[in-house]
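Structure first, then comments.
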Amino acid sequence: MIVKVFSSAIIGVDAYPVAVEVDISPGLPQFSTVGLPDVAVRESKDRIKAAIKNSGYPFPKTHVTVNLAPADIKKEGTGFDLPMAVAILAADGTLEPQPAQDYLLVGELSLDGSVKGVPGVLSAAFQARASGKKGIIVPVENAREAAMVQDVGVMPVGNLAEVVEFLSGRRAIEPVVIDAAAVFRQSHQYPFDFKDIRGQEQAKRALEVAAAGSHNVLMIGPPGAGKTMLAQRLPTILPDLTFPEAVETTKIYSVAGLLDRKQAFLATRPFRAPHHSISDAGMVGGGHVPHPGEISLAHQGVLFLDELPEFRKNALESLRQPLEDGTVTISRSLMRTTYPARFMLIAAMNPCICGFYGDPRRACRCSPQQIRQYQGRISGPLLDRIDIHIDVPAVRYRELAARQTAEPSAAIKARIEAARRRQRERLPDHPLFTNARLTDPQLKAFCALDTDSQRLLEMAVDRLGLSARAYTRILKVARTIADLEGEADIRPPHVAEAIQYRTLDRALI
């Protein structure tokens with residue numbers, strides 16, 4: 001007898017339907033799985049046999065063939081355990097096939113028959129709704145995550161016996177219902193605030209400009225100057241995630257298996273700070289079966305690279321294309337996967353190996369050659385893609401001891417949201433538009449300069465030897481500064497401030 005039930009698999013961050021077909025035929029006892037299964041799927045036969053027997057049901061003593069269709073796409077993970085077990089029981093006559101076909105099933109089986117959580121359930125729930133299924137049967141620990149998708153019944157199960165009894169009509173399971181909008185509103189909380197930072201007014205101003213236009217930033221300063229503290233607080237002044245942005249970001253974390261089961265939804269902008277020993281695949285994603293990397297986990301948020309020159313050159317150079325396109329594509333022999341990667345890059349570095357070059361209070365022990373070599377570890381093309389370079393000097397004692405409270409994140413955020421509104425008004429058809437994404441035609445339309453501004457920028461380009469990309473970066477930053485000031489046109493003070501944010505171009509000449 002042939003029985004078909006339905007599950008899903010992941011390509012990128014989206015799910016696609018998978019038909020789990022089971023045929024039980026006469027012959028010697030054998031369990032075969034076809035349809036390009038990976039090792040985890042092939043090993044499921046032992047888990048399924050033990051789970052069925054330990055749940056009190058007989059396992060067929062004949063030839064069992066399982067096909068995962070479409071058969072030309074590689075299947076990975078343990079989420080097919082539950083649908084395969086249900087299909088086998090339906091093919092053997094333990095339960096009727098029709099009720100199982102009304103649901104999409106995902107879940108890993110333990111040897112005792114309990115159902116364990118799997119990654120990617122949020123995407124599977126969207127697929128269940130798109131396929132017109134009555135609902136989705138998921139492990140209990142994935143239930144809140146799946147319930148964020150409206151208009152689909154989410155049936156939480158703890159073991160295989162519960163699934164069989166539910167599909168047989170002998171047990172009722174109450175669907176999990178969550179007010180997604182309420183959960184989303186209640187989750188906008190950050191553990192940090194800009195009011196905690198003393199001093200560094202210039203750096204705060206630069207980060208405000210960066211947040212207003214979604215510009216990339218490089219901070220240069222000695223150890224202990226507060227570069228990490230500044231970066232950690234940047235998400236607190238960024239505009240709140242919209243619901244579609246939060247869903248897209250949560251999908252990435254769900255697919256990567258990093259979603260907190262208690263949280264079930266990512267409503268704050270992510271902040272990722274990988275160690276400098278990270279590999280290329282860890283940074284951009286990859287592996288034998290592709291998985292999202294740090295740049296995708298930072299989607300809609302901040303990617304912080306501390307000690308930038310210490311990162312491997314290949315890992316840094318792999319950032320160049322995602323910084324331009326906002327996506328990263330990973331190609332393998334059996335598949336081609338694209339992950340979203342629209343993030344703000346915030347990098348930090350010491351000015352030299354010892355960290356005290358240019359510090360008026362500490363002597364630098366590095367030779368000029370060592371300083372040039374250290375700064376030269378960052379390629380020119382990567383620097384061109386970083387809009388703002390700022391110096392972050394050591395904080396003086398009187399600033400640390402001052403009792404005056406610094407400006408809170410909420411006040412800075414209000415100015416940034418006003419600047420973002422002005423950017424959206426210029427291009428109302430692009431609701432998530434920011435100045436950092438200006439194209440060449442848009443640059444000509446919205447970044448026109450008067451005579452004084454042109455003369456100032458020409459002088460800077462000639463003296464600093466700036467590239468064409470650096471020139472456009474200055475224009476985009478100047479446009480953002482004007483938006484923060486509420487100005488319709490770019491003025492010379494806006495251009496002058498934008499030029500000041502290219503200090504590292506001067507240092508590398």
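When you check Leu466 against the structure, is it open to solvent by less than 80 Å² (accessible area, probe 1.4 Å), touching an Asp or Glu at 6+ places or on another chain (Cβ under 9 Å) and not in a helix (DSSP H, G or I), yes or no? Let's see the steps before the verdict.
Numbers: open to solvent by less than 80 Å² (accessible area, probe 1.4 Å): yes; touching an Asp or Glu at 6+ places or on another chain (Cβ under 9 Å): yes; not in a helix (DSSP H, G or I): yes.
The answer is yes for Leu466.
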Some residue of region 90-104 being closer than 25 Å to Glu248 by Cβ and not small (Gly, Ala, Ser): yes
Pairs with Cβ under 7 Å, 6+ apart, first in region 120-136 and closer than 16 Å to Val255 by Cβ, second open to solvent by less than 10 Å² (accessible area, probe 1.4 Å) and of a type in the set (Ser, Thr, Tyr): Gly120/Ser254; Val121/Ser254; Leu122/Thr250; Leu122/Ser254; Ser123/Ser254
Region 245-268 residues that are more than 13 Å from Gly293 (Cα to Cα) and open to solvent by less than 40 Å² (accessible area, probe 1.4 Å), paired with ones that are in a helix (DSSP H, G or I) and among the polar types (S, T, N, Q) (beta carbon under 6 Å, 6 or more apart): Lys251/Ser123; Phe265/Thr250; Leu266/Thr249; Leu266/Thr250
Matching option when the condition is outside any strand (DSSP E or B), within 24 Å of Leu258 (Cβ to Cβ) and not basic (Lys, Arg), among Pro309, Pro322: Pro322
Top-ranked residue in region 254-289 [being assigned to a helix (DSSP H, G or I) and not small (Gly, Ala, Ser); ranked as farthest from Ser331 (Cα to Cα)]: Val255
Single residue of Ile386, Ile416, Ile390, Ile346 found to be of a type in the set (Val, Ile, Thr), in a helix (DSSP H, G or I) and modelled with pLDDT of 90 or more: Ile416
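Quick one: would you say Val106 is under 29 Å from the mean Cα position of the chain (by Cα) and either modelled with pLDDT of 95 or more or of a type in the set (D, E, K, R) (or both)? So that I can check it myself, show each step before the final result.
On the way: under 29 Å from the mean Cα position of the chain (by Cα): yes; either modelled with pLDDT of 95 or more or of a type in the set (D, E, K, R) (or both): yes.
The answer is yes for Val106.
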Candidate set: region 338-363, residues that are closer than 30 Å to Thr236 by Cα and of a type in the set (Val, Ile, Thr); chosen: the one least open to solvent (accessible area, probe 1.4 Å): Ile346
Residue tally, condition under 15 Å from Val66 (Cα atoms) and open to solvent by 50 Å² or more (accessible area, probe 1.4 Å), over region 8-22: 1
Filter result (surrounded by 15 or more Cβ atoms within 10 Å (Cβ to Cβ), among the acidic types (Asp, Glu) and farther than 21 Å from Arg420 by Cα) within region 157-195: Glu162, Glu165
Region 393-403, residues that are in a loop (DSSP other than H, G, I, E, B) and more than 29 Å from Gln375 (Cα to Cα): Ala402, Arg403
Residue that is surrounded by the most Cβ atoms within 10 Å (Cβ to Cβ), among those in region 116-138 that are closer than 16 Å to Met155 by Cβ and in contact with a Lys or Arg (Cβ under 7 Å, 6 or more places away or on another chain): Leu122
Any chance Ser110 is within 30 Å of Gly12 (Cβ to Cβ), hydroxyl-bearing (Ser, Thr, Tyr) and either touching a His at 6+ places or on another chain (Cβ under 7 Å) or surrounded by fewer than 17 Cβ atoms within 10 Å (Cβ to Cβ) (or both): yes
Selection count, region 19-36, where residues are within 25 Å of Val289 (Cα to Cα) and touching a helix residue (DSSP H, G or I) at 6+ places or on another chain (Cβ under 8 Å): 4
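The values are calculated or read from the model by the stated rules, or taken from the named source; none is laboratory data. Every value quoted in this text rests on a predicted model; they were computed, and no experiment measured them. Using ideal geometry, Cβ is built from the backbone for each residue, glycine included, and neighbour counts are taken over all protein chains shown. SASA here: full protein model, heavy atoms, side chains in, ligands and nucleic acids out. Shrake-Rupley method; radii C 1.70, N 1.55, O 1.52, S 1.80 Å.
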